[in-house]
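The values are calculated or read from the model by the stated rules, or taken from the named source; none is laboratory data. Keep in mind it's a predicted model, so treat the numbers as computed, not measured. Cβ sites come from the backbone with ideal geometry, for glycine too, and all protein chains shown count toward neighbours. Remember, those area values only see protein heavy atoms, side chains included, never the ligands or the DNA or RNA. Shrake-Rupley method; radii C 1.70, N 1.55, O 1.52, S 1.80 Å.
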Amino acid sequence: MKDKRLYSPKYIRELLDRYGFAFSKQLGQNFLIDGNIVRNIVKKAGINKDDYVLEIGPGIGTLTEELALHSKKVVAVEIDKSLLPILDETLAEYDNVEIVHGDILKVDIEKLIDERLGGGPVKVVANLPYYVTTPIIAMLIEKDLNIDSITVMIQKEVADRVAAEPGTKQYGSLTVFVNFYCHVETLLSVPKTVFMPRPKVDSAVIKLDLKKTIDDVDKKLFFKVVRTAFNQRRKTILNSLTSAQLHVDKEMVKQILEECNIPLNERAENLKIEDFIKISKRLTSLNIY
Ligand code: SAM
């Protein structure tokens, strides 16, 4: 096994200079330069030799290499064509790694899992490009793919919103959305200093374990209720839900909230996921949608 050094800043500089590679801010390119963090992510993601792993944005392959060492197979999707020859070099000795050139938001992931990842279930592991954190997480969760867990490095501020408890100012529609589908765990806080170049914000690693079963609520309506409630989070739940978007008048909202045992003057941030589910189910039973 080659001396592992993909996270050495000196090596990265030499490698990137040799290939004439320039970091793209637009593509969220902040590469890991700390071996401890790399090892910790893979360890805490619970990767073992039976696992099929999907990585998003391998960069020069730092995390990919650690994943290759601990899993059965890694497929890594990278959007930046100029990184492909670099990855060919850095991962040359691993026969359990496949690099796919493409945009993770456009790639047919279902096909990729079927054809290259043993049909799944797969574990997703990534140091995500921060400009598309939320769309990527939303897509992975909503598409009903054969995914077991998602372990990702993201901006600390977004991680705090995903893992927020009711009654806090970070608790919002993103929290409810992710927690509806997943069990959420914050694994690590990560300082700016472990990246090249350094990002402006601190980071955190979170793990999302996809729930095997989710509530049978009408999801479209449920998320509409959640978004409507948080759109005007300073208002009482009675007033925020009395909105043109939901097509129900104040009297009806009042009746629904009372039936759900939710105080009329409560704020959205104090409602649990189960409260939003109850409200949505009552609305469904009105047959107005
Ligand atoms: N995994 C590497 C590491 O930890 O050092 C690089 C992580 S860097 C934060 C994000 C990577 O995602 C970059 O390599 C970037 O080119 C790639 N990327 C950005 N947007 C992408 C997209 N839509 N689909 C796939 N890869 C993307």
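Data overview
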read-out	value
Search result, residues across segment 26-48 that are more than 7 Å from the ligand (Cβ to nearest atom) and polar (S, T, N, Q)	Gln26, Asn36, Asn40, Asn48
Wholly enclosed strands (runs of 3 or more DSSP E) of segment 129-230 bearing at least 3 residues open to solvent by 40 Å² or more (accessible area, probe 1.4 Å) and modelled with pLDDT of 95 or more	182-190
Single residue of segment 49-60 satisfying the filter (over 17 Å from Tyr19 (Cα atoms) and within 21 Å of the chain's Cα centre (by Cα)) that is nearest to the ligand (Cβ to nearest atom)	Gly57
Within segment 61-93, tally of residues that are within 19 Å of Lys43 (Cα to Cα), more than 14 Å from the ligand (Cβ to nearest atom) and either open to solvent by less than 10 Å² (accessible area, probe 1.4 Å) or over 23 Å from the mean Cα position of the chain (by Cα) (or both)	2
Scan of segment 107-145 for residues that are within 13 Å of the ligand (Cβ to nearest atom), closer than 21 Å to Val38 by Cα and in contact with a strand residue (DSSP E or B) (Cβ under 6 Å, 6 or more places away or on another chain), ordered by number	Val124, Val125, Ala126, Asn127, Leu128, Tyr130, Thr133
Thr193 vs. criteria more than 20 Å from the chain's Cα centre (by Cα) and assigned by TED's automatic domain parsing to the domain that holds Ile273	no
In segment 84-101, the residues that are of a type in the set (A, V, I, L, M) and out of contact with any Phe, Trp or Tyr (no Cβ under 7 Å at 6 or more places or on another chain)	Leu84, Leu87, Leu91, Ala92, Val97, Ile99, Val100
Test result for Arg267, modelled with pLDDT of 95 or more, surrounded by 15 or more Cβ atoms within 10 Å (Cβ to Cβ) and not assigned by TED's automatic domain parsing to the domain that holds Thr168	yes
Residue pairs meeting the criteria (Cβ under 7 Å; at least 6 apart or on separate chains; first open to solvent by less than 20 Å² (accessible area, probe 1.4 Å), in segment 22-51; second modelled with pLDDT under 95 and not in a helix (DSSP H, G or I))	Leu32/Tyr7; Gly35/Tyr7; Val38/Tyr7
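Conditions (1) out of contact with any helix residue (DSSP H, G or I) (no Cβ under 9 Å at 6 or more places or on another chain); (2) of a type in the set (Val, Ile, Thr); (3) closer than 21 Å to Asn179 by Cα, marked per residue:
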position	(1), (2), (3)
Thr228	no, yes, yes
Arg234	no, no, no
Asp249	yes, no, no
Pro263	no, no, no
Ala268	no, no, yes
Leu271	no, no, yes
Phe276	no, no, yes
Asn287	yes, no, no
